[in-house]
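To start, the structure itself, in structure tokens.
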Amino acid sequence: MSDPKEIQEAKAIIEKFRILKNEISKVIIGQEEVVEQLLICILCQGHSLLVGVPGLAKTLLINTLAKSLGLQFNRIQFTPDLMPSDIIGAEILDENRRFKFIPGPVFANVILADEINRTPPKTQSALLEAMQEKAVTASGQRHKLPLPFFVLATQNPIEQEGTYPLPEAQLDRFMFNIVLDYPTRKEEIEIVRRTTSDVLPTPEVVFTEDNIWQSSSIIRQLPVSDFIYEYSIDLVRRTRPANEKSPEITKKYINWGAGPRASQYLVMAAKAYGFIHGKFTPDVEDVQKMALPVLRHRIVRNYQAEADGLGTDDIIRKLF
């Protein structure tokens, strides 16, 4: 990116991105890193899985994000009795006795798949084609989804009874696995102060659909050095116990490592992270910043790791 006009456009997008984060912070207190990771995923045209205990404003965050981007938003509450047709839609007989397709709630720009692990795999898989192909198939007919299209799913890590863990194939479709933690004491005081008054702030649309497409295009055009490509790929390959060059910690604690899609997402995320921080090419720090959300749901620990109290994040940090 050497054209002065392109550089100015890129700087304008970065400034709009900062304003967008400020608009979201009017509603969401704290969670700056979570908000940033979620926005990076949007700029990369990816999907995200948000994991956190109840009450951390996961639903509010996604709703606020959709409003501040001016995108159509639909929420799907996943339950054990939910059917695939409840998500993608179904064909019905109209008044002229002709089959007519009625689109389901998946036909929107931002889909909140709330508590996605509460529905059986049959229904979870209804999202697979939508996430990968940006289309759904009903009664043999293919229906394109509105673009841009993002699936932002939430998951409660505490309750395990009555839940259905996501298959590895579906987990791999999510670009990020974003973990939400409790707010600080100061943030919690501000949360309670705002939510118990009669003044509810509303975010303004400051980052449009055109800005999303423009940002995605800029990020894909950013140059990446061969060293960063090799570093990113080697980092992912170090998670595979069958790899000869994997460290001892991988062979001792990991059953399955991340696949090539992790390498693709890691480079894209590093480019986006560097871009929003004013860099026009990613460095090692950017790759490491994005490693946790990209890799944590793609690594399968063994019983030895659980016995030794090593979490997935601990293992990934040691691989740096």
Give me the Å³ per residue figure for the convex hull around the C-alpha atoms of the range 222-319.
84
So what's the convex hull volume per residue for the Cα atoms of the range 4-185, in Å³?
146
Proxy reagent accessibility, fewest Cβ within 10 Å first, across Lys58, Lys5
Lys5, Lys58
Amide H neighbours of Arg301 under 5 Å, counting only residues 5+ apart in sequence or on other chains, H built in-plane at 1.01 Å?
Asn255
Cα-based shape type of the range 172-294, given that a ≥ b ≥ c are square roots of the gyration tensor eigenvalues and the cut on a/c is 1.5:
oblate
If amide hydrogens are placed 1.01 Å from N in the peptide plane, which non-local residues have theirs closer than 5 Å to the one on Thr239?
Ala258
Using only the alpha carbons, work out the radius of gyration and Dmax of the chain in angstrom.
20.6, 68
Take the alpha carbon gyration tensor of the range 1-107, find the square roots of its eigenvalues, order them as a ≥ b ≥ c, and report rounded if a/c is under 1.5; if not, report prolate when a/b exceeds b/c, else oblate.
oblate
Expected vector for the range 247-256, Karplus 3J(HN,Hα) from phi with 6.51, -1.76, 1.60 and θ = phi - 60°, integer Hz, x for Gly and Pro, equals x, 4, 5, 5, 5, 7, 10, 10, 8, 9
Extreme residue, positive dipole direction of the range 222-319, given options Tyr303, Ser225, Ile276 (C-beta unit charges)
Tyr303
Using packing as a proxy for protection, rank 239-245, 305-311, 60-66 so that the peptide with the highest average count of other Cβ atoms within 10 Å comes first.
60-66, 239-245, 305-311
Evaluated at q = 0.27, 0.28 Å⁻¹: base-10 log I(q)/I(0), Debye formula over Cα of the range 194-234
-0.91, -0.93
Value of [θ]222 nm, deg cm²/dmol, for the chain, DSSP H segments ≥ 4, -39500 (n - 2.57) each, nearest 500:
-14000 deg cm²/dmol
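Quick note: the coordinates plus some simple rules give every number you see, no bench work behind them. Predicted model, so just to flag it, every value in this text is computed and none were measured. For neighbour counting, all protein chains shown are included, and Cβ atoms are generated from backbone atoms with ideal geometry for every residue, glycine included.
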